[in-house]
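Student: Below is one structure. I have some questions about it.
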Amino acid sequence: MSDSIHYLPIMLDCRDQACLIIGGGQVAERKSISLLQAGAILTIISPTLTPKLQQLVNQQQLIWHAREYQTGDIAYHCTSDEKLSEFGYRPYFLVHAVTSVPEINNQVATEAKTYRIPINVAHQREQSTFINPNVIRRGRLTIAVATSGAGPLAGRYIAKEINQHFGNEYEIYIDFLYHLRETIAQKVSDESLRKSLLHQAMSLSILEEIRQGIFEPWNEQQIEHWINQSIE
């Protein structure tokens, strides 16, 4: 019987969520940049930091506690203007344990699971309750690749293959579809008609026009004209 884990793919909204990283090395740096780009309120606990993380601290983009991890760090103790949970603390939204000491990472994982906080432990998938996939981004388009334990090298190789297929034209294309959908939602009240228009939008030759360099973004009037024409 296979012991592989069937992960549930989700997209987390981390805006203004308190997240914690234990460790300050290169892995912590990569995790930090991703979390900050997602709008998280980030705290790092580590005696030392990479130069890039130190720069982020100096720019006040994250909070740094210059010390080793201690039991109890997972419970996010609120400031006076924040609301505590019924248990008397506000737990972190998610935690990364990325120190170079497996025993410390295991302690962090155990504590996080006690508080039922999602935990990712570097290089110890069996201790983690979530994993970070390889990600390809093209503006609003996000493609995630995970191999469920086959290894990060395999994931990176597959992501590289996908990355070569989905070029920068997809950023323009997905942005076009987004604005088209927003206008349809505003102008068309009938749900079945909205669905029909969205299906019709997928048959437009916009992507090919972008690839040929002949696409011109539609303004509001052009979108409304297309909607009216497609309804008739």
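The values are calculated or read from the model by the stated rules, or taken from the named source; none is laboratory data. From a predicted model like this one, the values you see are computed outputs, not experimental measurements. Quick reminder, even Gly has a Cβ in these numbers, built from the backbone with ideal geometry, and neighbours come from all protein chains shown. Accessible surface areas use protein heavy atoms only, side chains included; no ligands, DNA or RNA. Shrake-Rupley method; radii C 1.70, N 1.55, O 1.52, S 1.80 Å.
Student: Taking segment 62-90 as the search range and keeping residues that are in contact with a helix residue (DSSP H, G or I) (Cβ under 9 Å, 6 or more places away or on another chain), more than 18 Å from GLY25 (Cβ to Cβ) and of a type outside the set (Val, Ile, Thr), which one is modelled with the lowest pLDDT? It would help to see each step written out before you state the result.
Tutor: Keep residues of segment 62-90 that are in contact with a helix residue (DSSP H, G or I) (Cβ under 9 Å, 6 or more places away or on another chain), which gives 62-64, 68-69, 71-75.
Remaining after also requiring more than 18 Å from GLY25 (Cβ to Cβ): 71-72, 74-75.
This time we only want the ones that are of a type outside the set (Val, Ile, Thr), so: 72, 75.
Details: GLY72: 89, ALA75: 82.
Here the answer is ALA75.
Student: Let me ask another. Examine segment 10-28 for a residue that is open to solvent by 40 Å² or more (accessible area, probe 1.4 Å) and on the phi > 0 side of the Ramachandran plot, and state whether such a residue exists. Don't jump to the end; show me each part of the working.
Tutor: We begin by selecting, within segment 10-28, every residue open to solvent by 40 Å² or more (accessible area, probe 1.4 Å); these are 10-13, 15-17, 26.
From what's left, on the phi > 0 side of the Ramachandran plot: 16.
Yes: segment 10-28 contains one or more residues that are open to solvent by 40 Å² or more (accessible area, probe 1.4 Å) and on the phi > 0 side of the Ramachandran plot.
Student: How about segment 197-217: which of its residues are more than 13 Å from TYR173 (Cα to Cα) and of a type in the set (S, T, N, Q)?
Tutor: Result: GLN200, single match.
Student: Out of segment 161-195, which residues are over 17 Å from GLY139 (Cα atoms) and either within 24 Å of the chain's Cα centre (by Cα) or open to solvent by 50 Å² or more (accessible area, probe 1.4 Å) (or both)?
Tutor: Once the filter is applied, which keeps residues that are over 17 Å from GLY139 (Cα atoms) and either within 24 Å of the chain's Cα centre (by Cα) or open to solvent by 50 Å² or more (accessible area, probe 1.4 Å) (or both), segment 161-195 yields GLU161, ALA185, GLN186, LYS187, SER189, ASP190, GLU191, SER192, LEU193, ARG194, LYS195.
Student: So which residues in segment 36-74 are open to solvent by 30 Å² or more (accessible area, probe 1.4 Å), in contact (Cβ under 8 Å) with a residue 24 or more places away in the chain, assigned to a loop (DSSP other than H, G, I, E, B) and among the hydrophobic types (A, V, I, L, M, F, W, C), if there are any at all?
Tutor: ALA38, LEU49
Student: Would you mind stating whether PHE93 is within 16 Å of ARG30 (Cβ to Cβ), of a type in the set (Phe, Trp, Tyr) and modelled with pLDDT of 90 or more?
Tutor: Working: within 16 Å of ARG30 (Cβ to Cβ): no; of a type in the set (Phe, Trp, Tyr): yes; modelled with pLDDT of 90 or more: yes.
Spelling it out, it is not the case that PHE93 is within 16 Å of ARG30 (Cβ to Cβ), of a type in the set (Phe, Trp, Tyr) and modelled with pLDDT of 90 or more.
Student: If you check every pair at least six apart or on different chains, which have Cβ atoms under 6 Å apart with a residue in segment 207-232 that is under 20 Å from HIS165 (Cα atoms) first and a residue that is open to solvent by 70 Å² or more (accessible area, probe 1.4 Å) second?
Tutor: Close Cβ pairs satisfying both conditions: ILE210/ILE172.
Student: A further question on this structure: Just to be sure I understand the filter: pairs with C-beta atoms under 8 Å, separated by 6 or more residues or on different chains, first member in segment 136-162 and under 26 Å from GLN124 (Cβ atoms), second member hydroxyl-bearing (Ser, Thr, Tyr). Which pairs pass?
Tutor: Within 8 Å, the pairs are ILE136/THR142; ALA146/TYR7; SER148/SER4; SER148/TYR7; GLY149/SER4; ALA154/THR147; GLY155/THR147; ILE158/THR147.
Student: Take residues that are farther than 30 Å from VAL135 by Cβ and tell me which of the helices (runs of 4 or more DSSP H) falling wholly in segment 164-232 contain 3 or more. Steps first, answer last, please.
Tutor: Working: elements: 169-187, 191-201, 206-212, 220-231.
Passing ranges, in order: 191-201, 220-231.
Student: Then there's this: With the structure loaded, tell me whether ARG125 is within 25 Å of the chain's Cα centre (by Cα), at pLDDT below 95 and loosely packed, with under 11 Cβ neighbours inside 10 Å or whether it fails that test.
Tutor: Details: within 25 Å of the chain's Cα centre (by Cα): yes; at pLDDT below 95: yes; loosely packed, with under 11 Cβ neighbours inside 10 Å: no.
Against the criterion (within 25 Å of the chain's Cα centre (by Cα), at pLDDT below 95 and loosely packed, with under 11 Cβ neighbours inside 10 Å), ARG125 does not qualify.
Student: Taking into account only those residues within segment 140-152 that are in a loop (DSSP other than H, G, I, E, B) and open to solvent by 50 Å² or more (accessible area, probe 1.4 Å), which is modelled with the highest pLDDT?
Tutor: Initially, segment 140-152 is screened for residues in a loop (DSSP other than H, G, I, E, B), giving 140, 146-151.
With open to solvent by 50 Å² or more (accessible area, probe 1.4 Å) added as a condition, the list becomes 140, 146, 150.
Values: ARG140: 91, ALA146: 85, ALA150: 72.
So the residue we want is ARG140.
Student: While we're here: Applying the selection to segment 14-35, what residues are under 22 Å from GLN70 (Cα atoms) and outside any strand (DSSP E or B)?
Tutor: The first filter runs over segment 14-35 and keeps only residues under 22 Å from GLN70 (Cα atoms), leaving 17-29, 31-32.
Across segment 14-35, the qualifying residues are GLN17, GLY23, GLY24, GLY25, GLN26, VAL27, ALA28, GLU29, LYS31, SER32.
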